[in-house]
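Shown next, in structure tokens, is the structure this report addresses.
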4 protein chains.
Amino acid sequence: MSRIIIGVMGPGNAAPEEYSTAEELGKKIAEAGWVLLTGGRNAGVMSAASHGAKQAGGLTVGVLPGDDRSDMSPDVDIPVVTGIGSARNNVNVLSSDLVFACGVGMGTISEVLLAAKAGKQVILLNQTPASKKFLEDFNSDRIHFASGVSGAIQKARQLL
Amino acid sequence: MSRIIIGVMGPGNAAPEEYSTAEELGKKIAEAGWVLLTGGRNAGVMSAASHGAKQAGGLTVGVLPGDDRSDMSPDVDIPVVTGIGSARNNVNVLSSDLVFACGVGMGTISEVLLAAKAGKQVILLNQTPASKKFLEDFNSDRIHFASGVSGAIQKARQLL
Amino acid sequence: MSRIIIGVMGPGNAAPEEYSTAEELGKKIAEAGWVLLTGGRNAGVMSAASHGAKQAGGLTVGVLPGDDRSDMSPDVDIPVVTGIGSARNNVNVLSSDLVFACGVGMGTISEVLLAAKAGKQVILLNQTPASKKFLEDFNSDRIHFASGVSGAIQKARQLL
Amino acid sequence: MSRIIIGVMGPGNAAPEEYSTAEELGKKIAEAGWVLLTGGRNAGVMSAASHGAKQAGGLTVGVLPGDDRSDMSPDVDIPVVTGIGSARNNVNVLSSDLVFACGVGMGTISEVLLAAKAGKQVILLNQTPASKKFLEDFNSDRIHFASGVSGAIQKARQLL
């Protein structure tokens with residue numbers, strides 16, 4: 001039977017707060033026995049989450065946009081080299097049982113909407129008032145907000 | 001030399017106002033001598049824009065998500081059958097010289113953000129106050145708003 | 001109603017004979033009123049077929065692997081910028097009503113097999129005895145051989 | 001540091017001999033401590049290799065073509081749900097450090113050629129005289145033949 005796979009999405013160019021949230025999320029995901037899936041690059045939220053997961057002895061999958069491993073986080077155990085560029089965001093979404101999103105970058109919110117549209121549960125952290133208001137207007141039962149990592153993990157347990 | 005290609009994005013499940021905006025946009029795009037590119041399905045904004053463009057004698061490209069033409073708008077001249085599902089949104093974005101977006105559906109805003117992130121100019125119509133506020137917060141010089149089709153076309157001429 | 005779309009596949013690094021076959025094929029495709037679809041790059045068979053089609057006043061679609069038009073043949077009217085690398089071969093195959101293949105390069109034969117597997121009719125030119133023997137062993141009613149361009153076009157008319 | 005990932009490719013509709021070769025390959029891959037990567041479906045060579053690897057306590061990745069897990073082999077630990085159809089063959093190839101191919105189906109040989117073109121080492125089993133002759137004609141230093149599983153594994157150790 002396949003493992004539970006949890007996606008963590010967020011900016012490659014992350015703010016310090018987003019970075020530390022992602023690292024703690026990665027750690028908690030590993031401690032829960034879930035597999036972490038990220039965009040795999042050695043940057044920002046992807047890198048932080050993978051690092052956190054490895055510190056806790058977890059298993060990490062990185063779904064890379066390029067056609068080799070040149071830009072991979074050293075904390076990725078299983079690189080999936082897609083060669084399909086930003087279209088790999090859809091692979092991240094479809095492969096995850098549930099998605100966490102840290103931050104409000106263009107790419108991140110684009111992926112949040114893609115995930116909710118594909119029927120996935122998404123839990124958001126580090127949102128701004130404007131992004132929260134905008135996302136709440138969709139009235140989606142698949143978009144959730146959490147103010148911290150432990151609340152986010154608790155919410156995930158309810159949804160899985 | 002390649003033709004100028006203008007993308008029109010918007011919900012498959014469009015409101016009447018979005019539908020009529022898209023149809024008029026398609027017509028004006030064809031009259032300008034530009035090639036129209038849409039998501040190709042026989043639904044909502046895609047279908048309306050293609051219909052408008054064909055009425056004005058234009059050329060229409062439809063970038064389909066599925067692996068055949070079963071769900072294609074009858075107004076598509078050149079179907080591109082990608083077989084890559086929602087990942088084809090990125091093909092739409094990369095293939096367009098400029099993107100118009102009608103409406104505020106999850107898929108549409110996801111594509112707007114993907115386009116702006118990829119460096120494309122995007123002109124939005126039929127926005128809500130919350131979506132406008134949210135998108136303005138990115139302070140992007142690639143995201144523009146227009147209140148009607150003629151203003152949108154005029155803006156496009158400036159940006160091309 | 002959508003136009004008839006004919007794919008021409010072959011090596012980017014083409015031998016002179018493959019190049020001239022592709023150019024003549026492109027010309028005949030345009031003269032038949034069909035739309036030519038190629039891999040779009042400014043190289044080998046793709047470039048030759050597009051050049052032939054434009055000389056005869058045809059319409060050319062180029063399905064590019066990269067995420068911009070930097071490597072595009074100047075004879076492409078409608079660039080489709082996929083950003084999905086070699087995975088775009090499948091887009092070429094699915095988008096074509098029928099596929100011509102010139103030559104025996106690894107990429108070309110890979111695409112021939114992909115096309116036949118996807119249920120497309122494929123007409124091959126410039127084959128070697130070993131490639132012909134190998135392909136005949138599949139006993140596929142979708143793989144055809146032609147010894148010259150006029151025979152290939154005649155075969156295409158029967159199959160369409 | 002990332003794990004060594006070994007791809008096993010072959011027909012979904014496998015002959016008994018191909019099935020047993022794939023199962024034994026999967027077992028030996030797991031025993032070597034490598035991660036097995038397949039096309040993930042519950043069919044033929046993919047399924048057999050995954051089954052063999054799980055019997056030996058290995059870790060299995062399945063790169064699925066569809067947009068959900070409905071057709072997944074029960075022996076896949078980590079499903080990667082691509083939603084990009086046959087274009088996922090390129091993901092299999094790019095993600096593997098080395099590729100084994102069992103059999104001579106159209107899809108299999110298409111993938112072998114794609115892999116060799118992408119610079120990957122490929123080891124083939126269960127070939128016919130015609131497929132062997134055809135593939136040898138490329139004079140590629142990336143295409144290798146083995147007559148049995150232990151020879152194939154030994155060859156893989158030399159190439160990695």
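Before we move on, is residue B:142 basic (Lys, Arg), closer than 22 Å to residue C:72 by Cβ and free of Cβ contacts under 8 Å to residues at least 60 places away in the same chain?
So residue B:142 does not fit the description; no.
List the number of the failed condition for residue B:120; all other conditions in (1) touching a helix residue (DSSP H, G or I) at 6+ places or on another chain (Cβ under 7 Å); (2) over 23 Å from residue A:85 (Cβ atoms) hold.
(2)
Among residues belonging to the stretch A:88-143 that are of a type in the set (Phe, Trp, Tyr) and crowded, with 23+ Cβ neighbours inside 10 Å, point out the one that is farthest from the other protein chains (Cβ to nearest Cβ).
Result: A:100.
Are any residues in the stretch C:55-74 more than 19 Å from residue B:6 (Cα to Cα) and crowded, with 22+ Cβ neighbours inside 10 Å, and if so, which ones?
Listed by number, the residues that qualify are C:58, C:73.
Go through the stretch B:58-74 and give me each residue that's facing another protein chain (nearest Cβ under 7 Å) and touching an Asp or Glu at 6+ places or on another chain (Cβ under 8 Å).
B:61
Being touching a strand residue (DSSP E or B) at 6+ places or on another chain (Cβ under 6 Å), small (Gly, Ala, Ser) and under 21 Å from residue B:16 (Cα atoms) is the filter here; which residues of the stretch B:47-72 pass it?
B:49, B:50, B:53, listed by residue number.
Going through the stretch B:4-30 one residue at a time, which ones are in contact with an Asp or Glu (Cβ under 9 Å, 6 or more places away or on another chain) and of a type in the set (A, V, I, L, M)?
Within the stretch B:4-30, B:4, B:5, B:6, B:9 qualify.
Can you tell me which residue within the stretch C:54-76, out of those that are of a type in the set (D, E, K, R) and under 16 Å from the mean Cα position of the chain (by Cα), is nearest to residue D:86 (Cα to Cα)?
Out of the qualifying residues, it is C:75.
Does the stretch A:14-21 contain at least one residue that is in contact with a His (Cβ under 8 Å, 6 or more places away or on another chain), surrounded by fewer than 24 Cβ atoms within 10 Å (Cβ to Cβ) and outside any loop (DSSP other than H, G, I, E, B)?
No: the stretch A:14-21 contains no residue that is in contact with a His (Cβ under 8 Å, 6 or more places away or on another chain), surrounded by fewer than 24 Cβ atoms within 10 Å (Cβ to Cβ) and outside any loop (DSSP other than H, G, I, E, B).
I'd like the full set of residues that are touching a Ser or Thr at 6+ places or on another chain (Cβ under 8 Å) and buried (at least 24 other Cβ atoms within 10 Å of the Cβ), limited to the stretch A:36-48.
Across the stretch A:36-48, the qualifying residues are A:36, A:37, A:38, A:40, A:45, A:46, A:47, A:48.
Mind counting the residues in the stretch B:136-152 that are part of a strand (DSSP E or B) and more than 16 Å from residue B:7 (Cα to Cα)?
Residues in the stretch B:136-152 being part of a strand (DSSP E or B) and more than 16 Å from residue B:7 (Cα to Cα): 0 in total.
For the stretch A:143-152, which positions are within 15 Å of the chain's Cα centre (by Cα) and either farther than 18 Å from residue A:116 by Cα or charged (D, E, K, R) (or both)?
Matches in the stretch A:143-152: A:148, A:149.
Going by the conditions given, is residue B:77 within 8 Å of another protein chain (Cβ to nearest Cβ), surrounded by fewer than 20 Cβ atoms within 10 Å (Cβ to Cβ) and over 18 Å from residue B:11 (Cβ atoms)?
no
For the stretch C:23-49, give me each residue that is within 11 Å of the chain's Cα centre (by Cα) and under 24 Å from residue B:90 (Cβ atoms).
Those that are within 11 Å of the chain's Cα centre (by Cα) and under 24 Å from residue B:90 (Cβ atoms): C:37, C:38, C:39, C:40, C:46.
Being in a helix (DSSP H, G or I), in contact with a helix residue (DSSP H, G or I) (Cβ under 9 Å, 6 or more places away or on another chain) and of a type in the set (Lys, Arg) is true for just one of D:155, D:133. Which residue is that?
The unique qualifying residue is D:133.
Could you please find all residues in the stretch A:1-28 being touching a helix residue (DSSP H, G or I) at 6+ places or on another chain (Cβ under 9 Å) and within 14 Å of chain D (Cβ to nearest Cβ)?
Result: A:5, A:6, A:7.
Residues of the stretch D:30-44 being within 12 Å of chain A (Cβ to nearest Cβ) and hydrophobic (A, V, I, L, M, F, W, C), which ones?
If the condition is that a residue be within 12 Å of chain A (Cβ to nearest Cβ) and hydrophobic (A, V, I, L, M, F, W, C), then D:34, D:35, D:36, D:37 are the ones that fit.
Just so you know, all these numbers are worked out from the coordinates, no wet-lab data involved. Everything quoted here is computed from the prediction, not taken from an experiment. Virtual Cβ from ideal backbone geometry, glycine too; neighbours counted across all protein chains shown.
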